[in-house]
Amino acid sequence: QDVAAFLRVEPSRAFFFGADTRPIPLEQTLVGALESDAQRRRQKVNDVCYAKVVEAVKNGHQALVFVHSRRETVATAEFLVQTAQAQGHLGLFVSQASSSYALLASQAHKSRCREVGSLFSNGVAIHHAGLLRSDRLLAEKLFRTGAVRVLCCTATLAWGVNLPARTVIIKGTSVYDSKSGGFRDISVLDVLQIFGRAGRPQYDTRGSAVLITEGHERLMRYVGQLTHSLPVESKFLENLENALNAEVATGTVSSVDEAVDWLRYTFCFVR
């Protein structure tokens, strides 16, 4: 309703589409690692992630594992491979059903990134902004064609890329914020964007999304945010002076009354 008011849309012409209108049903699972020791919590996150990945590939599906740093993509991929080897599950990860498997294997082993080739042999790929564009495109192709069953990636893959993933896993919720110089929890809007990668219409009939976090407080906060509508707030006040000065400089605003009228057309005013 607020967005409709901001856009000057008549109430009768404004429509709201909730989760029930999603063409592919999505099952959401939230898991909290509640161990008191930090190292045990991290191990629990890894173990839950592995269990969810194995559950997906056992049923013949593919899984996207989202992490929050470039280094973590490799670390998570290697953990999955090592654990699969130890538990005798590695055969579930490797798929040679793709008609272009031999060609893709050749491309993977020619990559300048050592991990791309070694992980591919075990049915896992990685994708992050630090890879060469050719390697990122290769990772997407490996996953899209089914040459690999598991893709460990950062959130950059959640925007504009359509891949056939039945299962999407967010491994951990702590992300580094360069503005504050510290860590913060991933926003619920980013969580929803990533969850939207699961169960794509032209590939699947249902989707499964899993969020794994640490601590009871975080878990309950995400439960609350994902089960209730989250208001969209304006951040305009943080840069109001610069925006107003720009309008004055271009001649759009030349008086206090015009400044007030200009402000009335912002989403900030509606909120």
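Nothing in this text is a laboratory measurement; each read-out follows from the coordinates by a stated rule. Everything quoted here is computed from the prediction, not taken from an experiment. Please note: Cβ atoms are built from the backbone with ideal geometry, for glycine as well, and neighbour counts cover all protein chains shown.
At a glance:
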{"item": "Distance in nm between pseudo-label sites at A129 and W159 (7 Å out along the Cβ direction from Cα)", "result": "0.8 nm"}
{"item": "Karplus (6.51, -1.76, 1.60) ³J(HN,Hα), θ = phi - 60°, over the stretch 181-193, in Hz, Gly and Pro reported as x", "result": "x, x, 9, 9, 7, 4, 6, 5, 5, 5, 4, 5, 5"}
{"item": "Cβ-based net charge around H89, under 12 Å, with every Lys or Arg adding one and every Asp or Glu removing one", "result": "+1"}
{"item": "Number of Lys pairs (Cα under 19 Å; 8 or more positions apart or on different chains) in the stretch 20-227", "result": "4"}
{"item": "Förster radius 22 Å - calculated FRET efficiency between S36 and Q82 (Cβ-Cβ, nearest 0.05)", "result": "0.25"}
{"item": "Residues with amide H under 5 Å from that of A165, placed H, sequence gap 5 or more", "result": "G199, R200"}
{"item": "Cα-Cα P(r), the chain, percent of pairs per 5 Å interval", "result": "1, 5, 11, 14, 15, 13, 11, 9, 7, 6, 4, 3, 1, 0, 0"}
{"item": "Pair V232, V248: separation of 7 Å Cα→Cβ label points (nm)", "result": "3.0 nm"}
{"item": "Chain lengthening between Y101 and D257 when straightened (0.36 nm per residue, less Cα-Cα)", "result": "49.5 nm"}
{"item": "Phi to ³J(HN,Hα) by Karplus 6.51 cos²θ - 1.76 cosθ + 1.60 over the stretch 162-175, Hz, x for Gly, Pro", "result": "10, 10, x, 9, 6, 10, 10, 10, 9, 8, x, 10, 8, 10"}
{"item": "Options V150, A14, T167, ranked by Cα towards positive dipole end of the chain, top entry (Cβ charges)", "result": "V150"}
{"item": "Semi-axes of the equivalent ellipsoid for the stretch 1-97, Cα gyration tensor, largest first, Å", "result": "39, 20, 13"}
{"item": "Karplus-derived HN-Hα couplings along the stretch 118-124 (A = 6.51, B = -1.76, C = 1.60, θ = phi - 60°), whole Hz, x at Gly and Pro", "result": "5, 6, 4, 4, 10, x, 10"}
{"item": "Percent of beta bridges antiparallel (DSSP, the chain, rounded to nearest 5)", "result": "15 percent"}
{"item": "Within the stretch 130-154, backbone nitrogen closer than 19 Å to the virtual label 7 Å beyond the Cα of Q202 toward Cβ", "result": "137-147"}
